[in-house]
Amino acid sequence: MLTIIVKLTNECNLSCSYCYRDTNDKGAISIVNIVRLIKQIDEIGKDEVTMIWHGGEPTMLGADYFSSVFSAQNKLKTKFTNKMQTNLVSIPNRLLDLLIQEGVDLGISIDIPLIKHDKNRLLLSGEGSVGRVVKNLNKIRERNVPLCVVSVVSDKDIAADDVIDFIEGFCPDSISLNADFNATEIVINSNLVFDLYSYKLSSDCSTYIREVDTLISMFSPVGRKGFCHYQSDFCGKDYLSVDVNGNIYICCDKLIGDTDFLIGNMFSDDLKTILDSDRYKSTLQKLQSQRAKCTEGCSISKSCNGGCICDNKSIKKNEICSQRVESVERIRNDFLERS
Ligand code: SF4
Ligand code: SF4
Ligand code: SF4
């Protein structure tokens, strides 16, 4: 299934210490252009497409904007599923009503422990944002909105207990830990992963812990393979991202801005032409051969399948791989002993 992540705006109501967006670019994609993109997506003829609305902060575009988005989608043949990634600093009732009515899944960015959130995720006034976020978290929970948390880990001091306390306090449906792009050390190490794995197996925790559950599923005969957290197959194939200037990249938003992965622009070409282009095909081929080279001689190649393209470009690749090998081998051995 095709998934398209769209950075609708670079504007944000937070100023996080690790933010990587280009603050010089204050633009947002106009409703005219987003409706044009939606029509182009329909024209490529997929039955189902998932769109992930990202920013900056997408809620700042307001209920009227998203109402136009959903009504454009609902007139077309393609079945659209929508997700939104929000910092939850502000979620006006009219927008929340609309998102619930349209079945939009919300991914909420909250850093763990909350004391770190308050330090790293600042309002434009310079105050911490945790009070507002927790208030809005309770508001969406009262409306039975599933709670899918994405937490940026910016230093290696995070302990499994910090994550477990959060899980037990807020009962999220899922939690994903993303390493801070700017971190100079490995912040999600194999000890953290193994401790969370041990917690998951020894408790009645029903929260999907991405760093653990993806690993466990690798050991099932029909489970996923690979360290792309979005797809188990070759990630470039069915995952695209679009920035506020209409540039289209393969893969998720991690690669926005990297010209090696730029395949076209939605304002100057239509999506079908871009996906039929030699540039798109040669970028996919290049990635496939990089992936094949990466797995050669690696002890966990069958599970990892070449990892995440973004990690593979990182100067920390060797460290990332050694932590990954350790995590996979520790969990695989323990899992086999238990079964
Ligand atoms: S919420 Fe996201 S876009 Fe906004 S400042 Fe924080 S990291 Fe940047
Ligand atoms: S070398 Fe690293 S990225 Fe490549 S398959 Fe092995 S662990 Fe994965
Ligand atoms: S950049 Fe990494 S996480 Fe993102 S889709 Fe590609 S492989 Fe997956």
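The values are calculated or read from the model by the stated rules, or taken from the named source; none is laboratory data. None of these values were measured; they are calculated from a predicted model. Note: ideal-geometry Cβ built from the backbone for every residue, glycine included; neighbour counts use all protein chains shown.
Observations on the structure shown:
- Cβ separations smaller than 7 Å between residues 6+ apart or across chains give no pair from the range 109-133 residues that are closer than 17 Å to Val163 by Cα to residues that are acidic (Asp, Glu) and within 16 Å of ligand 2 (Cβ to nearest atom).
- For the range 258-301, the set of residues classified as among the small types (Gly, Ala, Ser), in contact (Cβ under 8 Å) with a residue 12 or more places away in the chain and assigned to a helix (DSSP H, G or I) consists of Ala292 only.
- Condition met for Gln85 (more than 18 Å from the chain's Cα centre (by Cα), within 20 Å of Val35 (Cα to Cα) and surrounded by 14 or more Cβ atoms within 10 Å (Cβ to Cβ)): no
- Among the residues of the range 4-18, those identified as surrounded by fewer than 18 Cβ atoms within 10 Å (Cβ to Cβ) and either assigned to a loop (DSSP other than H, G, I, E, B) or among the β-branched types (Val, Ile, Thr) (or both) are Asn13, Ser17, Tyr18.
- Test: residue in the range 31-51 that is touching a Cys at 6+ places or on another chain (Cβ under 9 Å), under 23 Å from Ser71 (Cβ atoms), of a type outside the set (D, E, K, R) and surrounded by 20 or more Cβ atoms within 10 Å (Cβ to Cβ): no
- Some residue of the range 47-56 being farther than 16 Å from Lys7 by Cβ, in a helix (DSSP H, G or I) and modelled with pLDDT of 95 or more: no
- Matching residues, the range 316-339, being under 23 Å from Gln288 (Cβ atoms) and either buried (at least 17 other Cβ atoms within 10 Å of the Cβ) or among the hydrophobic types (A, V, I, L, M, F, W, C) (or both): Ile320, Cys321, Arg324, Val325, Val328
- Of the residues making up the range 302-322, those that are under 23 Å from Tyr197 (Cβ atoms), within 16 Å of ligand 3 (Cβ to nearest atom) and assigned to a helix (DSSP H, G or I) are Ser303, Cys304, Asp311, Ile320, Cys321.
- Positions within the range 176-201 being more than 15 Å from Ile112 (Cβ to Cβ) and outside any loop (DSSP other than H, G, I, E, B), in sequence order: Ser190, Asn191, Phe194, Tyr197, Ser198, Lys200, Leu201
- For the range 239-257, a residue qualifies if it is part of a strand (DSSP E or B), more than 9 Å from ligand 3 (Cβ to nearest atom) and among the polar types (S, T, N, Q), and exactly one does: Asn247.
- Filtered residues of the range 277-303 (kept if surrounded by fewer than 13 Cβ atoms within 10 Å (Cβ to Cβ), at pLDDT 90 or above and of a type outside the set (S, T, N, Q)): Asp278, Arg279, Lys281, Glu296
- Any hit, the range 108-123, residues being of a type in the set (Val, Ile, Thr), within 16 Å of ligand 1 (Cβ to nearest atom) and under 19 Å from Glu11 (Cβ atoms): yes
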